[in-house]
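All remarks here apply to the structure that follows.
The values are calculated or read from the model by the stated rules, or taken from the named source; none is laboratory data. Remember, it's a predicted structure, so these values are computed and weren't measured experimentally. Virtual Cβ from ideal backbone geometry, glycine too; neighbours counted across all protein chains shown. Surface accessibility is based on the protein's heavy atoms, side chains included, excluding ligands, DNA and RNA. Shrake-Rupley method; radii C 1.70, N 1.55, O 1.52, S 1.80 Å.
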Amino acid sequence: MLKHFTHANLWVHDQDEALAFYTDKLGLEVRDDVTVREMGNFRWLTVGPPGQPEVAFILTVPGPPVMAADVADQLRALVAKGVVGGLHFSTDDCQATYEELKSRGVEFQMEPTEMPYGIDAEFRDPSGNRSRVTQRIM
């Protein structure tokens with residue numbers, strides 16, 4: 001039986017650039033950064049939110065050994081357009097989080113906006129992945 005959610009994959013164009021964005025700008029922590037020699041020096045790189053050690057995002061570059069090169073080209077194009085997945089973060093104060101992340105260089109596509117479910121803002125990472133910061137209103 002399934003117990004807990006632990007990992008989610010996030011496709012990125014460059015792992016070092018993604019690592020800098022997710023740690024330096026968003027404040028996530030490095031969970032793993034290892035080279036798997038048995039998989040052609042595949043880099044297993046994960047980051048996660050402070051205070052949630054059981055949750056990690058796998059920053060994966062499309063391509064071998066994960067997938068064929070032609071499929072990777074198609075996926076990279078879709079990621080760059082911002083149409084493949086994304087992350088959702090919660091916050092107690094969307095406006096304050098928006099201001100803090102913006103001061104760190106995060107580029108937002110949508111400023112904090114009231115929605116039926118709360119106050120929401122959207123940004124993209126350097127690869128094109130869309131993410132949201134949401135303040136729930138109950």
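Where a ≥ b ≥ c are the square roots of the eigenvalues of the C-alpha gyration tensor, would you call segment 40-100 rounded, which needs a/c under 1.5, or, failing that, prolate if a/b is larger than b/c, or oblate?
Values: a/c = 3.77, a/b = 1.69, b/c = 2.23.
Since a/c reaches 1.5 but b/c is at least a/b, the shape of segment 40-100 is classed as oblate.
In whole angstrom, note down how far apart the Cα centers of segment 92-113 and segment 65-83 are.
After rounding, the separation between the Cα centres reads 28 Å.
If you take the charge dipole of the chain about its Cα centre, with +1 on Lys and Arg Cβ and -1 on Asp and Glu Cβ, which of Asn9, Ala77, Val66 is farthest toward its positive end?
Val66
Taking R0 as 25 Å, what's the FRET efficiency between Met67 and Lys102 from their Cβ-Cβ distance, rounded to 0.05? Spell out each step's value before the answer.
Numbers: r = 34 Å, r/R0 = 1.38.
It comes out at approximately 0.15.
Using a Förster radius of 30 Å, what is the FRET efficiency between Leu2 and Val34 based on their Cβ-Cβ separation? Nearest 0.05, please. Numbers along the way, then the final one.
Values: r = 26 Å, r/R0 = 0.85.
Approximately 0.75, to the nearest 0.05.
Compute the distance in nm between two label points, each set 7 Å from the Cα along the Cα-to-Cβ direction, one at Asn41 and one at Ala77.
So the label points at Asn41 and Ala77 sit 2.9 nm apart.
Which of rounded, prolate or oblate describes segment 12-51 when judged by the alpha-carbon gyration tensor and an a/c cut-off of 1.5? Please report the intermediate quantities before stating the final value.
Working: a/c = 3.93, a/b = 1.76, b/c = 2.23.
Since a/c reaches 1.5 but b/c is at least a/b, the shape of segment 12-51 is classed as oblate.
Can you compute log10 of I(q)/I(0) for the chain with the Debye formula, treating each Cα as one identical point scatterer, at q = 0.14, 0.19, 0.20, 0.21 Å⁻¹?
For the chain at q = 0.14, 0.19, 0.20, 0.21 Å⁻¹, log10 I(q)/I(0) is -0.70, -1.18, -1.27, -1.35.
Which angle between 0 and 90 degrees, to the nearest 10, do you get for helix 69-80 versus the longest principal axis of the chain when only C-alpha atoms count?
The angle comes out near 10 degrees.
Between Gln109, Gln52, Gln15, where does the largest GNM mean-square fluctuation fall for the chain, given springs only between Cα atoms within less than 10 Å?
Gln52
Cut-off under 28 Å on the C-alpha distance; same-chain residues fewer than 8 positions from Lys102 excluded. Which lysines are left, in chain and number order?
Lys25, Lys81
For an R0 of 25 angstrom, estimate the FRET efficiency from the Cβ-Cβ distance between Glu111 and Thr23 and round to the nearest 0.05. All intermediate terms of the calculation are to be shown ahead of the outcome.
On the way: r = 24 Å, r/R0 = 0.97.
Taking R0 as 25 Å, the efficiency between Glu111 and Thr23 is 0.55.
When the dipole is taken about the Cα centre of the chain, and only Lys, Arg (+1) and Asp, Glu (-1) are charged at their Cβ, what size is it in debye, to the nearest 20? Walk me through the intermediate numbers first.
Values: 13 positive and 21 negative charges, 69 e Å.
The calculation lands at about 340 debye.
Mind pulling the angle between the C-alpha long axis of helix 94-103 and the longest principal axis of the chain? Nearest 10 degrees, somewhere in 0 to 90.
60 degrees
Using a 1.4 Å probe on the protein heavy atoms, what percent of the accessible area of the chain belongs to carbon and sulfur? If you can, show how the numbers build up before the last one.
Values: 4330 of 8190 Å².
Answer for the chain is 53 percent, counting heavy atoms of protein chains only.
In deg cm²/dmol and to the nearest 500, what is the mean residue ellipticity at 222 nm of the chain if only DSSP H runs of at least 4 residues count, each as -39500 (n - 2.57), divided by the residue total?
Working: 3 runs with 28 residues, N = 138.
Value at 222 nm, helices only, nearest 500: -6000 deg cm²/dmol.
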